[in-house]
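Q: Next up is a structure, given as structure tokens.
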Amino acid sequence: MTAVGVLVPVYDQAAFLPRALEGLRAQESAEWTALVLDDGSPDPEEVADVVAALDDPRVRLVRWADNRGLGATLNAGLDALDTPLVAYLPADDVWSPDHLAALLGCLAAPDVVLARSGLAEPSDTLYEQLVQVAHRVTGDRWTERATLESDDLARLMWHRLRARGRTADTGRVTCSWTRHPGQRSAALRESRDGGLNVFRSRYRVREPLRFASTDGGDVDEVARYAGFRTRAYPPATGGLSVLVVGELALNPERVLALAERGTRLSGLWTTDGLGDATVGPLPFGHVLDLPRDRWRDAVRELAPDVVWAQLNWRAVPFAHAVRSAFPKLPFVWTFKEAPQRSVVRGEWPLLAELVCGADASLFATEEERDWFALALSDRVDPARLGVLDGDLPKRDWLDAPPTPKLSDADGQPHAVVAGRPSGLNLDWVLALAARGVHTHLYGQVRAPGPKGSWTGWLDAALAAAPGFVHVHPPVGPEDWVRGLSRYDAGWLHRFDSANDGDLRRATWDDLNSPARLPVYLAAGLPLLQQANPGSLVSVERVLRRDGTGLFYRSADDVADVLATELAFRRGAAAALAVREQHTFDAHADRVLELFRSVLGGR
């Protein structure tokens, strides 16, 4: 019997495959057989050509048309093997000639179930990569996509194997784990510019995901969207046909408010989104996906009544391409953030053309609308510029019972941060703790830049104020009301504005409407917002208008406004009074009226 079977999973990486197979055939140990497992690659002919060119009977190709995921791919390989041992060689990785022999030497000990080598380049993970592992073939199988997609291979398989026996190290570096943007782990991890929706787009996942990244928390789209997927909607035969273009960012299920009004929805998605920039196939269903490989033909065949393009700076180039390809289609552009980012990326000309060429443009705030009117003065008709926050949630999430306040039990103020703690740092959090204010951090993500800045101070804060700094897993919309209503206030972005009332000097923070604003309001929380007297700050204006803001300049101010809130709950009452207006459902009829007016004006 052949000693070891080698599984070579490949998806869209045919260019790497010859290098991997050359390293395999150069092994000092020749007692192997290999299965190249093509998991629905978009370039199957290239993969097949690489394997055929080897003309090696030890290497066999197995493929299927649609991507099933790593777990199902490796399980298919395990089921097809007739060897007692298995090793892994992802198509983009490389073995040194002594790699297989070193692993087999460790597995010669009967109590060893898993052997691992060292990596030429550390992978910066707490789990072993596929390329460095060989193990006994047991009844254990990899976790498949229907149960979980994750970059954590220990969670997907290694933990189960380790329960069966000893792990042995070869003590040698005999393989290379290749770091590049097309890696599966890069698509999964926020620190590598990936995330749930980057993964969905790259692997063209049609179903809702149970997803976990070692940079963040778990997301269960299956449970979250079960009610939406089975819901019946009015026949769309007489409604508008709307093509959504770009990405839907946060709270994507909001578009179903249009389906509830008889609108036929289709989607055409950018391939250059962020992890939290939702793209299709949408996990809640009821939106027809257009094929991105032939999108121009698909748009012609669909002939939508209106193109509704959105949302953030990453979507600008693709939205511009669609607009340029179909200039005669009625076109509405919804933009949230951030024009400054488009300037830095060199894409301001594209964004300017979108705003000027659209039949109507909607911006997150009045200040952002007015900023564009100034920036494009004499190029755009201000009457075609409107306001609609692009991240408004679906109203359905408001229908949940609140939870008793923590402060009712301990008499101390508790404030929550949902998402990145923008503007919070060690000194600030410790100053709050010294004044008896608890800080609760939800869903922190390890990612580049400001989003991951908390990694530099959180451990020190937990050590210095363990009773006042609390860390929680992410909270999804299904738990906003139950999970967040126990607190007394929610933190918005903390920043100093220096525009002195001149909109031309406004920054992203000045123009933005934070996505966490409607989240806190859904739970009936007032918002902690640093006051910036003399400056134009959109969110500050809205909070003062609605009475939902708790304003401060210092940590002492925070303690004072929270003490007043605990005594009278005026901010909470104001939040509950306006939260319906901070849902997309409250504006869906207005959006459809805009679509009809654009269509009628053509």
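Q: Please calculate how many Å² of accessible area the chain carries per residue, with a 1.4 Å probe and no DNA, RNA or ligand atoms counted.
A: Ligands and nucleic acids excluded, the figure is 39 Å² per residue.
Q: Full-extension gain between W508 and A101, please, as 0.36 nm times their residue separation minus the C-alpha to C-alpha distance.
A: 140.9 nm
Q: Step through the residues of the range 228-245 one at a time and calculate ³J(HN,Hα) from phi using the Karplus curve (6.51 cos²θ - 1.76 cosθ + 1.60, θ = phi - 60°), rounding each to whole Hz and writing x for Gly and Pro.
A: Values, residue by residue: 5, 5, 9, 6, 8, 10, x, x, 9, 4, x, x, 5, 9, 10, 9, 8, 10 Hz.
Q: Here is a further query. Using a 10 Å cut-off on Cβ atoms, rank the peptides 472-481, 496-505, 528-537 from the highest mean neighbour count down.
A: Going from most to least packed, we get 528-537, 472-481, 496-505.
Q: Next question. Calculated from the structure, percent of Cα pairs over 33 Å apart equals which of (i) 61; (ii) 46; (iii) 52?
A: Read-out taken from this structure: (iii).
Q: Let me ask another. Grab the beta carbon distance between R25 and T230, set R0 = 41 Å, and tell me the FRET efficiency rounded to 0.05.
A: Calculated value: 0.20.
Q: Please list, by residue number, everything in the range 109-151 whose backbone N is under 13 Å from a paramagnetic label point 7 Å out along Cα→Cβ of D169.
A: Taking a point 7 Å out along Cα→Cβ of D169, the residues of the range 109-151 whose backbone N falls under 13 Å are 116-119, 128.
Q: Along the charge dipole of the range 443-542, pointing to its positive end and built from +1/-1 on Cβ of Lys, Arg, Asp and Glu, which listed residue (L527, P473, L458) has its Cα farthest out?
A: Projecting each Cα onto the dipole axis, the largest value belongs to P473.
Q: With the crude spin-label approximation of a point 7 Å out along Cα→Cβ, what separation in nm comes out for R63 versus L126?
A: 3.9 nm
Q: Just name one of F331, L311, T271: the one whose Cα is farthest towards the positive end of the charge dipole of the range 257-354 (beta-carbon charges, Lys/Arg +1, Asp/Glu -1).
A: F331
Q: Which value, in debye to the nearest 20, describes the size of the charge dipole of the range 27-91 about its Cα centre when Lys and Arg Cβ atoms bear +1, Asp and Glu Cβ atoms bear -1, and nothing else is charged?
A: Result for the range 27-91 is approximately 220 debye, rounded to the nearest 20.
Q: Can you list residues whose amide H is under 5 Å from G195's amide H, if they're 5+ apart or on another chain and H is modeled 1.01 Å from N?
A: Close amide H contacts, sequence-distant or interchain: L188, R189.
Q: State, as an integer percentage, the relative contact order of the range 359-494 based on alpha-carbon contacts under 8 Å between residues 6 or more apart.
A: 29 percent
Q: I would also like to ask the following. From the phi angles alone, apply the Karplus equation (6.51, -1.76, 1.60; θ = phi - 60°) to the range 474-490 and give each ³J(HN,Hα) in whole Hz, x where the residue is Gly or Pro.
A: Each residue of the range 474-490 in turn: x, 10, x, x, 5, 10, 4, 5, 5, x, 9, 5, 6, 9, 9, 6, x Hz.
Q: Give me the distance between the Cα centres of the range 514-583 and the range 186-262, rounded to whole Å.
A: 30 Å
Q: OK, next. For A498 and R446, FRET efficiency with R0 = 45 Å and r from the beta-carbon atoms, rounded to 0.05?
A: So the FRET efficiency works out to roughly 0.90.
Q: Measure off 7 Å from each Cα along the Cα-to-Cβ vector at R141 and A563, then give the distance between these two points in nanometres to one decimal.
A: 6.3 nm
Q: A further question follows. Within the range 17-34, find all residues whose amide N lies under 17 Å from a label point positioned 7 Å from the Cα of A108 along Cα-to-beta-carbon.
A: Flagged as within label range: 28-32.
Q: Taking amide hydrogens as modeled 1.01 Å from N in the peptide plane, which residues meet the under 5 Å criterion relative to V173, leaving out close sequence neighbours?
A: Result for V173 returns G118.
Q: Could you sort the peptides 258-271, 168-181 by per-residue average Cβ neighbour count (10 Å cutoff), highest mean leading?
A: The densest-packed peptide leads the list: 258-271, 168-181.
Q: Using amide H atoms built 1.01 Å from N in the peptide plane, name the residues 5+ places from E149, or on other chains, whose amide H lies under 5 Å from its own.
A: Answer set, sorted by chain and number: R210, F211, A212.
Q: Among Q13, L511, G77, whose Cα projects farthest towards the positive end of the dipole of the chain, with charges put on the beta-carbon of Lys, Arg (+1) and Asp, Glu (-1)?
A: The one lying farthest along the dipole's positive direction is L511.
Q: Based on Cβ point charges of +1 for Lys and Arg and -1 for Asp and Glu, what charge dipole magnitude is obtained for the chain about its Cα centre, in debye rounded to the nearest 20?
A: Charge dipole of the chain: 780 debye, to the nearest 20.
Q: In nanometres, what is the gap between the two model label sites at T237 and L302, each 7 Å from Cα along Cα-to-Cβ?
A: A separation of 2.3 nm, rounded to one decimal place.
Q: Considering only C-alpha atoms, what is the centroid distance from the range 407-442 to the range 18-85, in Å?
A: Using only Cα atoms to place each centre, the spacing works out to 52 Å.
Q: Tally up the carbon and sulfur contribution to the accessible surface of the range 395-487 as a whole percent, 1.4 Å probe, everything protein left in place.
A: 57 percent
Q: Step through the residues of the range 16-33 one at a time and calculate ³J(HN,Hα) from phi using the Karplus curve (6.51 cos²θ - 1.76 cosθ + 1.60, θ = phi - 60°), rounding each to whole Hz and writing x for Gly and Pro.
A: 3J(HN,Hα) across the range 16-33, in whole Hz: 7, 4, x, 5, 4, 6, 4, x, 5, 6, 8, 5, 5, 8, 9, 8, 9, 9.
Q: Report, to the nearest whole %, how much of the accessible area of the range 138-258 belongs to carbon and sulfur atoms, 1.4 Å probe, protein only.
A: 51 percent
Q: Give the relative contact order (percent, whole number) for the chain; include only Cα pairs under 8 Å separated by 6+ residues.
A: Normalised by residue count, the contact order of the chain is 9 percent.
Q: Also: Distance from a point 7 Å along Cα→Cβ of D218 to each backbone N in the range 120-137: keep the residues under 17 Å and list them by number.
A: none
Q: Restricting to Cα pairs below 8 Å that are 6+ residues apart, what does the relative contact order work out to for the range 116-169? Please round to a whole percent.
A: Reported relative contact order: 42 percent.
The values are calculated or read from the model by the stated rules, or taken from the named source; none is laboratory data. Please read all numbers here as calculations on a predicted model, not as lab measurements. A quick note on method: Cβ atoms are made from the backbone with ideal geometry, for glycine too, and the neighbour counts reach across all protein chains shown. Ligands, DNA and RNA are excluded from the accessible area calculation, which covers all protein heavy atoms including side chains. Shrake-Rupley method; radii C 1.70, N 1.55, O 1.52, S 1.80 Å.
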